[in-house]
1. Using θ = phi - 60° and the Karplus relation 6.51 cos²θ - 1.76 cosθ + 1.60, list the HN-Hα couplings for region B:168-178 in order, rounded to whole Hz, with x at every Gly or Pro.
2. Find the relative contact order for chain A and round it to a whole percent, using C-alpha pairs within less than 8 Å whose residues are 6+ positions apart.
3. Which residues of region B:371-390 end up with at least 30 Å² less accessible area in the presence of all protein chains than when their chain stands alone, using a 1.4 Å probe?
4. Averaged across A:101-113, how many Cβ atoms of other chains sit within 10 Å of each residue's Cβ atom?
5. Based only on the alpha carbon positions, what is the Kirkwood hydrodynamic radius of region B:278-345, in angstrom?
6. How many nm separate the modelled label positions at B:A258 and A:E447, each set 7 Å beyond the Cα in the direction of the Cβ?
7. Which listed residue (B:V433, B:G383, B:S43) has the Cα farthest towards the positive end of the charge dipole for the protein assembly as shown, taking +1 on Lys and Arg C-beta and -1 on Asp and Glu C-beta about the Cα centre?
8. Give me the distance between the Cα centres of region B:353-373 and region B:107-148, rounded to whole Å.
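The values are calculated or read from the model by the stated rules, or taken from the named source; none is laboratory data. Values in this document were obtained by computation on a predicted structure and should not be read as measured data. Please note: Cβ atoms are built from the backbone with ideal geometry, for glycine as well, and neighbour counts cover all protein chains shown. Only protein heavy atoms, including side chains, enter the accessible area calculation; ligands, DNA and RNA are left aside. Shrake-Rupley method; radii C 1.70, N 1.55, O 1.52, S 1.80 Å.
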There are 2 protein chains.
Amino acid sequence: MKPSIPKGTRDFSPVEVAKRQYIINTIQSKFELFGFQPIETPSFENSDTLMGKYGEEGDRLIFKILNSGDFLKKVDDTTYSTKDSVQITSKISEKALRYDLTVPFARYVVQHQNEIEFPFKRYQIQPVWRADRPQKGRFREFYQCDADVVGSDSLWQEIEFIKLYDAVFSALNLSGVTVKINNRKILSGIAEVIGASDKLIDFTVALDKLDKIGEDGVKNEMLGKGITEEAIAKMQPLFDFSGDTNEKIEKLKALLHASNEGLKGVEELQFIIQMVNELSLTTVAIDLDVTLARGLNYYTGAIFEVAAPQEVAMGSIGGGGRYDDLTGIFGLKNMSGVGISFGLDRIYLVLEELNLFPDTVADTTKVLFINFGEKESLYCMKGIYQLRNSDIVAELYPDAAKMKKQMTYANRRNIPYVVLAGTKEMNENTFTVKTMETGEQQEMNIEQLSKYLS
Amino acid sequence: MKPSIPKGTRDFSPVEVAKRQYIINTIQSKFELFGFQPIETPSFENSDTLMGKYGEEGDRLIFKILNSGDFLKKVDDTTYSTKDSVQITSKISEKALRYDLTVPFARYVVQHQNEIEFPFKRYQIQPVWRADRPQKGRFREFYQCDADVVGSDSLWQEIEFIKLYDAVFSALNLSGVTVKINNRKILSGIAEVIGASDKLIDFTVALDKLDKIGEDGVKNEMLGKGITEEAIAKMQPLFDFSGDTNEKIEKLKALLHASNEGLKGVEELQFIIQMVNELSLTTVAIDLDVTLARGLNYYTGAIFEVAAPQEVAMGSIGGGGRYDDLTGIFGLKNMSGVGISFGLDRIYLVLEELNLFPDTVADTTKVLFINFGEKESLYCMKGIYQLRNSDIVAELYPDAAKMKKQMTYANRRNIPYVVLAGTKEMNENTFTVKTMETGEQQEMNIEQLSKYLS
């Protein structure tokens with residue numbers, strides 16, 4: 001019986017690791033260029049750090065770790081007799097796997113507040129785990145790549161994050177990416193001016209579906225949730241929300257003239273968009289999208305979502321926003337946070353589909369030295385170490401196997417050069433190098449070989 | 001109440017991440033230079049992949065993950081009524097956190113055997129988890145850095161691994177490292193010639209303690225385990241085991257002349273040592289240490305252990321060896337494996353103690369632009385993006401806070417330069433740069449600034 005791995009998890013082959021590493025390195029280098037500093041937190045946290053932070057659904061999807069030793073001894077008989085999984089879980093499990101990077105970051109900031117200089121710009125690239133039903137593109141173990149600033153409510157942070165998205169997707173040569181932007185205050189303002197502030201969540205959840213169910217669908221859903229016809233009529237401008245960004249801003253100002261909060265949101269958006277335009281973008285486009293909601297109960301200011309190029313049906317490849325009270329859950333008040341995330345797995349699929357990984361991304365060994373026996377091997381090894389001194393990846397085939405077997409190995413591993421060194425070469429202090437693609441052979445000394453392969 | 005993390009786990013601050021990354025990058029680049037390819041495996045495996053592979057003690061130390069949902073429903077009432085933690089564990093947990101990288105690697109090789117070209121040289125740098133009692137330098141989550149070759153019994157692999165240790169410790173500028181080397185066949189051979197083959201484990205466990213309990217201690221322990229005085233007398237040469245490597249080899253040959261297996265081990269060692277000497281080592285020394293056992297029930301050929309420089313009391317910072325049947329546990333026979341491991345945490349402590357981290361290892365932001373207000377900020381931001389185009393890490397202080405606060409921030413973060421740009425500079429299209437260490441100020445245009453900071 002062949003061994004297997006748990007569903008929703010993955011093995012990564014050398015080529016896959018190389019491609020993932022290419023994306024991660026690109027993101028990481030831009031994070032650092034923008035002044036973000038890395039932290040790492042443990043894979044598991046105390047359960048009470050995580051539980052209750054992601055809603056009821058989230059609590060269910062958190063992987064719990066069983067206590068060590070005779071864990072049932074700690075369960076009193078009355079509780080045990082209930083055989084109630086939820087109740088007993090808290091008695092036999094005290095730790096749980098990280099569900100995202102935001103809550104551990106908030107915990108980190110509070111725990112280490114005296115060592116941190118604020119504003120603190122941190123990035124974190126680590127796996128998270130969710131007991132979600134696995135499906136295409138959704139895994140139980142996956143990486144998150146997050147950058148956040150905590151301790152500054154300056155809108156320059158939002159501007160920097162849009163520029164950061166631009167820098168990363170430019171470096172990945174991925175054009176056609178759109179950064180959609182909205183502001184929670186605008187959503188609140190609209191709810192306010194149409195008289196549906198008490199139905200803010202229902203209102204935004206419905207509005208968020210405009211893409212999928214269309215204008216009539218949204219209106220019907222709102223009606224079903226008890227939002228009045230009159231209120232819905234007042235928001236008609238949102239359904240006719242066309243024009244360039246400046247026109248959209250003016251329309252919003254008109255719609256929201258009676259809501260201070262709404263106008264504040266428009267003002268913030270306007271500043272961000274103006275400054276981004278002043279600084280100019282290389283690759284990504286920004287799009288003011290008032291239907292964008294994304295975890296509304298979380299964000300308090302800017303909301304970002306990154307759409308993959310239209311030619312690939314991939315949906316969101318990143319997102320983020322501002323949350324005014326990031327660390328309040330752990331007792332540190334008045335710490336505004338704003339951050340973005342990159343969806344590694346989806347970016348991988350997009351680059352794969354558009355054939356955007358560099359040809360050299362998975363290059364490994366450049367030259368294989370054929371093994372003709374012990375004496376020849378030592379001669380080859382000396383050459384190999386000289387090449388490695390020049391950072392050329394060179395290997396000896398480990399056994400004096402049949403020539404054909406060794407050549408097949410080089411071929412299958414896509415090693416572009418092989419070196420053959422027998423008695424003749426050893427006497428002349430040379431190496432014969434064969435280019436696999438052309439079959440061409442040349443004899444040269446080690447310095448020439450090193451230059452040839454560089 | 002301040003939040004905390006589970007015992008035995010760690011948060012890593014930006015400086016700590018940078019230092020760890022420096023070590024990991026060094027190891028990784030040498031792995032790749034030697035032709036090793038990366039793989040990654042899931043953090044958790046099916047329990048039956050891990051259980052029973054590390055002995056009884058290991059089984060206890062494996063972190064088990066609780067099944068999702070109503071996990072108790074699957075436990076029949078009879079089993080449930082036993083309240084037996086061990087029995088019930090297998091009913092409520094099907095997954096477990098990786099305990100090392102070797103067993104998952106063996107599982108990977110068997111599962112993907114048809115996609116792999118053998119010999120397969122893989123490296124893997126990932127965290128592992130053990131429910132061990134935490135103590136100084138021992139954690140419940142820690143990284144392993146492993147390189148292994150599977151599918152080749154060539155001794156050139158052993159030679160390459162010693163050279164690989166040498167390459168890594170040279171790159172880390174860590175001198176004084178010793179690679180101790182032994183061979184399981186020599187241990188078996190000694191047990192054979194003294195007539196204690198049936199007590200091989202007791203014999204080697206005792207011998208392994210020579211460093212700690214001395215000659216008399218070892219002899220007493222052996223006597224206690226039922227090894228005869230006569231047998232112990234025969235191994236006296238091991239206690240007088242001095243001289244250079246060649247002399248040691250000759251002594252072993254004499255001692256083991258009656259054991260084919262022992263002589264085979266000596267021969268292997270001799271070849272390895274000769275070839276390593278031919279290829280020469282830069283930093284590490286090799287030391288033939290016949291008392292070295294390290295998980296004897298596992299290794300079948302070469303055994304390595306890496307000792308930190310004598311001036312730091314750190315013990316082993318790496319180790320490895322050959323195991324003839326790596327993948328047999330998963331049903332793929334006759335696959336010889338050989339590998340080594342680097343102990344990241346201990347290497348970190350050694351470099352810290354010897355002050356060997358490069359001064360620049362945790363460098364982040366090079367220049368902070370002081371924020372004088374909105375107009376000035378935009379002017380600064382344009383400069384910042386030009387610097388970033390030249391890969392200079394530049395940041396704007398996000399708010400127009402008091403000068404003193406902004407300068408203090410730069411100081412505390414060890415940012416070496418600040419830029420001040422007010423009306424005068426904006427009119428002249430310049431920036432005033434201040435070197436924090438000297439207080440010196442200079443006014444220059446952006447191209448000059450970029451050069452100045454590069």
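1. Rounded to whole hertz, the list is 5, 5, 5, 5, 7, 6, 9, 9, x, 7, 10.
2. It rounds to 15 percent for chain A.
3. Listed in order, they are B:E374, B:L378, B:M381, B:K382, B:Y385, B:R388.
4. Averaged over the peptide's residues, the number is 2.
5. It is 13.8 Å.
6. Here the modelled spin labels are 5.8 nm apart.
7. Of the options given, the answer is B:S43.
8. 33
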